[in-house]
Structure formats: C-alpha cells, structure tokens
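Remarks on the structure that follows.
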Amino acid sequence: MLGRSGTGLLAVALLASGCADFRAVNTTREESRDFPFHNTKLVIENEQSDLRLVPGTAGTVQVRRSLHGKATLEGNASWTLVDGRLRLGATCSGFVPGCGSLNVVAVPPETAVEVTSDGGPVRSAGFAGDLTANVTRGWLRVEDPVGTLRLRCSNATVRRGA
C-alpha cells in the first residue's frame, strides 16, 4: 500500500513518462488531404488506425482523417503518399483513453488496392477495384465488392456485408 508521499511520487513518475498525458484526452481534430495519383495500384500501410476505403475520383487519392485524444498531439499521426505507397498511422502508446484515428481513403476508379493493416479495423464499401488485404489484430469488412478479393487475417475476423 502506498502512503500519501508514495502516491504523489507515482503520479509524478506517470506524468514524467508520458503515460498520463492528459492534455489531449478530450481533443478531436478533423483533417483532409488530396494526393495526386496516376498509378494503377495503391499500396496502403495502415498502423493502429481505423481504415475505410470508398470510391473516389480519377487522378487523386483523397484522405479524410479524424484524430482523437493523444493522436492529436504533434508527431503522433502521419500520412504520406510516395511512389504509390500510402502510409497512415497514429501513436497511442501508454495509458491513452480515447486515443485513435479514423482514415477514410477515397480511391480512384479502377485502381487496385493492397492493404496491410496492423491494429485497426478495415472496411471497404462500394469499392470497385481488386482488393488484397492482410489484416492483423482487427477486423475486415467488405461491402458490395466488384473486383477480385484476396483477403488474409491474423488475430482478426472477416465480415461480409453491412
């Protein structure tokens, strides 16, 4: 059992380690970004984020993201598109109630997508291209697929439909 001074030291240690960074607990940040895109295949690396694939427009990959809690802090969320590879991520380490991110990616028509996702659910709705997905520690839901599906899950579940 900790005495009064022991409890105070524990609180100071938690704050110093970043485990109890409460500055952003109730914070939400919405952002969007358009990436020029003219490839026939889009590779998405998704880490610790919810991912939604939806139909988009030709010539651009549009990403809308909603960050919550500690993910809103500077340097805790990332999104880059280089050489046909879209990297999405959020950092929610330590004690992080309410931390997370949702990325909605609008994919150009007739673009094949290859997704690798670790630690977040993936949902594809109305997407027309071929979809290859490898999901770890989450779930995968595919609604109204048109193209060829290649799906693999590890410590995850696959769901079809709404």
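The values are calculated or read from the model by the stated rules, or taken from the named source; none is laboratory data. Just so it is clear, the model here is predicted, and its values are computed rather than measured. Please note: Cβ atoms are built from the backbone with ideal geometry, for glycine as well, and neighbour counts cover all protein chains shown.
Please state which one of Gly161, Gly126, Gly120 is at pLDDT below 90 and buried (at least 18 other Cβ atoms within 10 Å of the Cβ).
Gly120
Answer with yes or no whether Arg52 is modelled with pLDDT of 95 or more, part of a strand (DSSP E or B) and basic (Lys, Arg).
Criteria met by Arg52.
Please verify whether Leu73 is out of contact with any strand residue (DSSP E or B) (no Cβ under 6 Å at 6 or more places or on another chain), under 23 Å from Thr27 (Cβ atoms) and buried (at least 16 other Cβ atoms within 10 Å of the Cβ), treating the condition exactly as stated.
So Leu73 fits the description; yes.
Between a first residue in the range 66-95 that is farther than 21 Å from Thr116 by Cβ and a second residue that is at pLDDT below 85 and in a strand (DSSP E or B), which pairs have beta carbons less than 6 Å apart while being 6 or more apart in sequence or on different chains?
His68/Gly100
Looking only at the range 137-158, how many residues end up being acidic (Asp, Glu) and surrounded by 15 or more Cβ atoms within 10 Å (Cβ to Cβ)?
So the count comes out to 0.
Which one is farthest from Phe35 (Cα to Cα) among residues in the range 57-99 that are among the β-branched types (Val, Ile, Thr) and modelled with pLDDT of 90 or more?
Applying the filter and picking the extreme gives Thr57.
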